[in-house]
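Colleague: I am attaching a structure below and will ask some questions about it afterwards.
The values are calculated or read from the model by the stated rules, or taken from the named source; none is laboratory data. Everything quoted here is computed from the prediction, not taken from an experiment. Reconstructed Cβ throughout: ideal geometry from the backbone, glycine too, with neighbour counts over all protein chains shown. Side chains included, ligands, DNA and RNA excluded: accessible areas come from the protein's heavy atoms. Shrake-Rupley method; radii C 1.70, N 1.55, O 1.52, S 1.80 Å.
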Amino acid sequence: MTIETGVRRPYVGQNVLRSNDPKLLTGGGRFIDDLHFPDMLHATIVRSTLAHGTIEQFDAGAARAESDVALVLGPEEIAATTGLLPCVWLAPGQRMTHIPIASRKVSYVGQPIGIVVADSRAAAEDAVEILDITFAELPCVVDSEASIAPGAPLLVPEWGDNICAQVDAGDPRDEIEEVIARAAHVVERRLRIQRVAPNPMETRGLIARWDAADESLTVWMSTQTPHHCRDHLATALALRADQVRVIVGELGGGFGAKEHLYPDEVMVCLAAMRSGRPVKWVEDRVESLTATLHGRDAIHRARLALDADGKFLAIHSDILGNLGAHPSNVGLGPFRVSMGMLPGPYHFERAGGSLTAVLSNTTPTGAYRGFGMQEATWVRERLIDEAARELGLDVVELRLRNMIQPHELPFTTRTFQPYDSGDYPEAMRRTVVAARAEANVTSVGRIRRGLGFATHVEFTGLGDSRSQQIVGFSLGGYETAKVRVDPDGSVSVTSGVTGMGQGIETGFAQLAADHLGIGIERISVRLGDTASAPYSATGSIASRSMTVGGGAVVTAAGKVRDRMMAIAAHQLEISPNDLELVRDASGRDVFQPKGSPDISLTWEKVAESAWLNWNVPDEFNTIGLEETFVYNPASVSYAYATHAVSVAVDLDTGLVKLEGYWVTHDSGVMVNPMICDGQVLGGIAQGVGIALYEGMRWGETGQPTTTTYLDYVLPLSVDIPNVKIEHMVTPSPFIPGGMKGLGEGGTITSPAAVGNAIAAAVPEIAGLLLETPFSPSKLWTMIDEAGLHV
Amino acid sequence: MKPPVFEYRDPRSLDEALGLLNEYGDDSSILAGGQSLIPLLNLRLARPDYVIDINKVPGLDTIEVLPGCVRVGALTRIRRLERDPKIRAVAPALSDAFQNIAHPQIRSRTTIGGNISHADPSSELPGVLAAYDGRVQLTSSSGSRWVSWSDFFVTVFTTTRESNELLTAVEFPTDQNFSYEFEEIARRPGDYPLAGVCAGISLDGSQVRAARLSAIAIADRPIRMTAAESALVGVDISNAAVRQAASQAAAAEINPMDDEHGSAAFRRGLVSTLVKRTLDRLAGVPS
Ligand SMILES: Cc1cc2nc3c(=O)[nH]c(=O)nc-3n(C[C@H](O)[C@H](O)[C@H](O)COP(=O)(O)OP(=O)(O)OC[C@H]3O[C@@H](n4cnc5c(N)ncnc54)[C@H](O)[C@@H]3O)c2cc1C
């Protein structure tokens, strides 16, 4: 890894070019499918072609007889030799808490039921076609409302219904109802957020290699959470954790979908152990759309209560969440976070939600960029626009009137979120001023234009183990950084978080360089290998790599610097307080007594003597220059943003064009503004996908119909407008370095901003804009029914 | 997502290609640009025993701008056609339609023969061929025949090409009395359209002598909207009410079906909009 030199210090706050890019841009990046081992076999996963049923027969005789087929495992054999995968986040009363690796019961199309391993992927796929599998079909249910209707087909007949769990959040229901009952205005809507697929550019994949002599399993894997996967692999395969090593190389995106171990990934490892040869499996795009966890799929019956002056009194949502065939690793998590984050940046006397999470014969839903917060923002911000429309108030004025003011922070919401710092109204004012000055809102002929706003507060940097214990999230919330100066003066930084294309390696190098006080070219950042990286239970999820992981790097680097300073001071026979570390005229990092530039000691010299253990202070009780720091944050940090978007709606075609986009965003200290912009922009693109394009669909028999990019429509680069991003910087009050999480804000608010903009452009249909995505046919039909086609 | 087992043949001459087609017929697929066939193979929706790759057959990538027609050899890539100034000079609507097919990378591979043979009812060129009253040349070992567009397209992905025939050329008549416009509505640039219209009129001053209106993505094959065409004959195209009436006639005569991408009413609305827009442009009126 090389980092551009010549950037001024401090590095934090500078657009240091991303260290991985030269490699990626010149074809040197190595993803799972770029890795090859001698003697390697190729796997394909056998998947259920039925939405609901039982496997009556799995006869692999003909397939096993093929000369190029090495191994076939069916559901029975797999289940017999594997343990269950536990859900790490359980809700009170959750009726399903573990996921089997394979079973005779199938509950969605795409469910893994077996594995075929052959000389090539094509041969493995050929062999799947000659498996003799018979299913006994059961009636299926896809939609969450149908799933709770009387007489619905049951996924777990013993339960008597399809409800996996019901939980409330926030204020007691009766108190909320009481406030709503006496409110002057209540806006109530049924809002829906569709099912979407996360679509990482690199699909899931792994290569598993079993060393029989050593009894160890090495897995090269496309995952955001190598340690978590290692732990669950050990559980599923009855190995000790130290027998399993997970290595993440380049990672082509995750967006939450790669935050845990999947049953099909366990099958690949099992196949490697059985065959004694390395086995590769790379998910194809059809599998990625159907067998990788989806996001969203919630119906909200939500109410916003206001007094006669437009003051918010209460917000509440009854959520019907579609878990799919089984709860994911994070269980009901996204829907629960929707309840917790429903209040946003506003005051309410009472706030809360009630969740019913149901099973259906669809791909399970789980973590996806925005994790429940996008849904909460969609619901709240649409309700507010609807309230403004009904009361004849300005949408911005109504929001500002109800916002939490900066002097009120820290502020704990009615849903127990301890907001830390920032200025929410200021972010809104800045966005509004910029957007209103620049947006074209002039309708011409059949083209209507409008400007929409939305705002949010975002839970970032999942951490502090105590809070995770309180909510039953059984992963440690800390991060560890290890910083070592080697005898030649070079520095290696390791951490348990992973790089997934977001550029965290570069950010960590910037932090380490500043807190060590040296040139960034000395620093290499190594992530992703459980054999060398510090243990990280939670990994790179929830916008936490830079906050929790970065906080650890800052502190560990500071400790190493103190050590270097102490050694240099000892050798120069002065107090460390009289010493400084500077870059001299010839570009060397040197220690100098303050005000005496003629005397100096180079960084390399000090490093060398430290490892020789020569001339080091007597009070040092360890040798060398390595510091490990485990950082358990005091709390999560809260980022926020306001988005504005201007749209043009063609009344005759229902097509929406985004013409301008403005963001004011605060995620605390920006280590690398260019990377921050990239995160915001990429997040917006995914949010625009939710607003206008994306959506998984199923046919009557539970067959997914959006299984390729012909039918699953993603936004293209031309569909994303230029985005003007303004940053505010309110440092986190407790994260060392002051960073807050950054990865998800773009996705969280953009769908609501787009929805509100369409409402502004075509007020005649504003009250109907409740379910994303707004495809041309859907909008055209609304416009038609509103009598706007003459 | 790997294709099932097939045998690969890459003939080096037209005769050799036609001989292979004669031999393997229904058991084979012709591979041209591969932008439709390869995905179908990978999804195992196509399962030919033989793939006959015609990319090495010489002489099939011709562009001829002749008096009265543009004639294009089957292997000519769309990317080359869209940039051909001679075609743009005589058939600008055809050039516009080329640019509406997919994306530049895909158009660099896509061949005109593959595109037309594939007979996707949402595909642009079949609709343009219909509006131009064009035809295709089908060749087998026993000779060639020309088939008009209306006799060629049968239904979704189905044509009257015999299994031993190769589509060798496509011909767009260029009657200089006619002016054409093409427009489509797609969800994103480069997508197959939700609806598309190609409109051509021949004028005597501002009076319409003849009109040709085709639509795509409306039925199981490209269609001509003859009621709307008749409504235009003899009228004054500069009259907005006349253009409006033609667009309503078009919407009334088509029979789209509800599908995943929208209702029949939506499709009618789009066709009406597109007819109006294309006629407006032909009348020199900005929409
Ligand atoms: C992302 C994407 C977007 C697309 N968007 C559009 C679009 O907007 N509009 C559009 O029209 N198309 C679109 N396409 C389809 C593309 O244009 C196809 O390539 C084209 O339809 C087929 O042309 P081809 O040369 O690639 O044919 P191939 O894929 O090689 O063949 C297609 C079919 O035609 C047959 N065939 C090929 N050549 C001949 C011949 N000479 N004689 C007889 N049969 C033959 C083949 O056997 C096969 O059945 C898109 C494709 C992609 C991948």
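Colleague: Can you tell me which residue within region B:73-100, out of those that are within 10 Å of the ligand (Cβ to nearest atom) and buried (at least 24 other Cβ atoms within 10 Å of the Cβ), is farthest from the other protein chains (Cβ to nearest Cβ)?
Modeller: Filtering first and then ranking leaves B:74.
Colleague: Given the criterion open to solvent by 20 Å² or more (accessible area, probe 1.4 Å) and away from the ligand (no atom under 16 Å from the Cβ), identify the matching residue among A:711, A:666, A:677.
Modeller: A:677
Colleague: In region A:585-611, what residues are without any contact (Cβ under 8 Å) to a residue 12 or more places away in the chain and either surrounded by 11 or more Cβ atoms within 10 Å (Cβ to Cβ) or among the aliphatic types (A, V, I, L, M) (or both)?
Modeller: A:585, A:596, A:605
Colleague: When you look at residue A:789, is it within 13 Å of chain B (Cβ to nearest Cβ) and not acidic (Asp, Glu), yes or no?
Modeller: Here the answer is yes, as residue A:789 does meet what is asked.
Colleague: Residue B:34: surrounded by fewer than 19 Cβ atoms within 10 Å (Cβ to Cβ), away from the ligand (no atom under 12 Å from the Cβ), of a type outside the set (A, V, I, L, M) and at positive phi, yes or no?
Modeller: no
Colleague: I've got another one for you. If I ask for residues that are over 28 Å from residue A:44 (Cβ atoms) and either surrounded by 15 or more Cβ atoms within 10 Å (Cβ to Cβ) or in contact with a Leu (Cβ under 7 Å, 6 or more places away or on another chain) (or both), which ones from region B:1-18 would you list?
Modeller: B:10, B:11, B:14, B:16, B:17, B:18 - these are the residues of region B:1-18 that are over 28 Å from residue A:44 (Cβ atoms) and either surrounded by 15 or more Cβ atoms within 10 Å (Cβ to Cβ) or in contact with a Leu (Cβ under 7 Å, 6 or more places away or on another chain) (or both).
Colleague: Does region B:249-258 include one or more residues that are in the same structural domain as residue B:276 (by TED's automatic domain parsing) and farther than 16 Å from residue B:270 by Cβ?
Modeller: no
Colleague: Turning to a different aspect of this structure: Only residues in region B:118-130 that are within 14 Å of another protein chain (Cβ to nearest Cβ) and open to solvent by 10 Å² or more (accessible area, probe 1.4 Å) count as the first member; pair them with residues that are more than 6 Å from the ligand (Cβ to nearest atom) and small (Gly, Ala, Ser), Cβ under 6 angstrom, at least 6 apart or cross-chain, and list the lot.
Modeller: Close Cβ pairs (under 6 Å, with a partner that is more than 6 Å from the ligand (Cβ to nearest atom) and small (Gly, Ala, Ser)) amount to B:122/B:217.
Colleague: Would you point out the residue of region B:8-27, among those that are in contact with a strand residue (DSSP E or B) (Cβ under 9 Å, 6 or more places away or on another chain) and either touching a residue at least 60 places away in the same chain (Cβ under 8 Å) or within 14 Å of chain A (Cβ to nearest Cβ) (or both), that is nearest to residue A:290 (Cα to Cα)?
Modeller: Looking at residues that are in contact with a strand residue (DSSP E or B) (Cβ under 9 Å, 6 or more places away or on another chain) and either touching a residue at least 60 places away in the same chain (Cβ under 8 Å) or within 14 Å of chain A (Cβ to nearest Cβ) (or both), I get B:8.
Colleague: Please pick out the residue among A:118, A:149, A:123, A:184 that is more than 21 Å from residue A:382 (Cβ to Cβ), among the aliphatic types (A, V, I, L, M) and open to solvent by 30 Å² or more (accessible area, probe 1.4 Å).
Modeller: A:149
Colleague: For residues that are among the polar types (S, T, N, Q) and either assigned to a strand (DSSP E or B) or within 14 Å of residue A:262 (Cβ to Cβ) (or both), tally how many sit in region A:78-99.
Modeller: 1
Colleague: Go through A:300, A:347 for me and flag whichever is crowded, with 24+ Cβ neighbours inside 10 Å and outside the structural domain of residue A:287 (by TED's automatic domain parsing).
Modeller: One residue alone meets the criteria, A:300.
Colleague: A further question follows. Is there a residue being within 29 Å of residue A:495 (Cβ to Cβ) and surrounded by 22 or more Cβ atoms within 10 Å (Cβ to Cβ) anywhere in region A:565-580?
Modeller: Checking region A:565-580: at least one residue is within 29 Å of residue A:495 (Cβ to Cβ) and surrounded by 22 or more Cβ atoms within 10 Å (Cβ to Cβ).
Colleague: Would you please list the contacts, defined by Cβ atoms under 6 Å and residues six or more apart or on different chains, that run from a residue in region B:92-110 that is more than 15 Å from residue B:216 (Cα to Cα) to a residue that is near the ligand (Cβ under 6 Å from one of its atoms) and aliphatic (A, V, I, L, M)?
Modeller: Going by the 6 Å Cβ cut-off, the qualifying pairs are B:107/B:101.
Colleague: For region B:152-163, name all the residues that are more than 8 Å from the ligand (Cβ to nearest atom) and either modelled with pLDDT under 95 or within 14 Å of the chain's Cα centre (by Cα) (or both).
Modeller: B:152, B:153, B:154, B:155, B:156, B:158, B:159
Colleague: Does region B:258-275 hold any residues that are more than 8 Å from chain A (Cβ to nearest Cβ) and crowded, with 24+ Cβ neighbours inside 10 Å, and which are they?
Modeller: Across region B:258-275, the qualifying residues are B:267, B:271, B:272, B:274, B:275.
Colleague: Out of contact with any His (no Cβ under 9 Å at 6 or more places or on another chain), basic (Lys, Arg), open to solvent by 10 Å² or more (accessible area, probe 1.4 Å) and not in a helix (DSSP H, G or I), is that true of residue A:429?
Modeller: No; evaluated as a whole, the condition is false for this residue.
Colleague: Still on this structure, I have one more. Please state which of the following conditions residue B:251 fails to meet, knowing it meets all the rest: (1) over 15 Å from residue B:195 (Cβ atoms); (2) crowded, with 20+ Cβ neighbours inside 10 Å; (3) among the aliphatic types (A, V, I, L, M).
Modeller: Here residue B:251 clears every test but (1).
Colleague: Now for a different question. Does region A:760-786 hold any residues that are outside any helix (DSSP H, G or I) and either facing another protein chain (nearest Cβ under 9 Å) or touching a residue at least 40 places away in the same chain (Cβ under 8 Å) (or both), and which are they?
Modeller: Within region A:760-786, A:762, A:769, A:770, A:771, A:772, A:773, A:774, A:775 meet the criteria.
Colleague: All but one of (1) surrounded by fewer than 18 Cβ atoms within 10 Å (Cβ to Cβ); (2) near the ligand (Cβ under 9 Å from one of its atoms) hold for residue B:138, so report the exception by its number.
Modeller: Condition (1) is where residue B:138 drops out.
Colleague: Let me ask something additional. Do the conditions hold for residue A:401, that is, is it open to solvent by 10 Å² or more (accessible area, probe 1.4 Å), over 15 Å from residue A:300 (Cα atoms) and touching a Ser or Thr at 6+ places or on another chain (Cβ under 6 Å)?
Modeller: no
Colleague: Considering region A:269-291 alone, what residues qualify as being away from chain B (no Cβ under 14 Å) and either buried (at least 23 other Cβ atoms within 10 Å of the Cβ) or free of Cβ contacts under 8 Å to residues at least 12 places away in the same chain (or both)?
Modeller: Listed by number, the residues that qualify are A:269, A:270, A:271, A:272, A:279.
Colleague: Got a sec? Which of A:742, A:716 is farther than 27 Å from residue A:322 by Cβ and either modelled with pLDDT under 95 or away from chain B (no Cβ under 14 Å) (or both)?
Modeller: That would be A:742, the only listed residue that is farther than 27 Å from residue A:322 by Cβ and either modelled with pLDDT under 95 or away from chain B (no Cβ under 14 Å) (or both).
Colleague: Considering (1) open to solvent by 10 Å² or more (accessible area, probe 1.4 Å); (2) out of contact with any helix residue (DSSP H, G or I) (no Cβ under 6 Å at 6 or more places or on another chain), say which one residue A:257 fails and leave the rest.
Modeller: Answer for residue A:257: the failing condition is (1).
Colleague: Also, quick follow-up: Within region A:606-629, which residues are assigned to a helix (DSSP H, G or I) and within 18 Å of residue A:483 (Cα to Cα)?
Modeller: Answer for region A:606-629, where residues must be assigned to a helix (DSSP H, G or I) and within 18 Å of residue A:483 (Cα to Cα): A:606, A:607, A:608, A:609, A:610, A:611.
Colleague: Is there a residue in region A:317-338 that is open to solvent by less than 10 Å² (accessible area, probe 1.4 Å), touching a residue at least 40 places away in the same chain (Cβ under 8 Å), under 17 Å from residue A:457 (Cα atoms) and of a type in the set (Gly, Ala, Ser)?
Modeller: Looking for residues that are open to solvent by less than 10 Å² (accessible area, probe 1.4 Å), touching a residue at least 40 places away in the same chain (Cβ under 8 Å), under 17 Å from residue A:457 (Cα atoms) and of a type in the set (Gly, Ala, Ser), one finds at least one in region A:317-338, hence yes.
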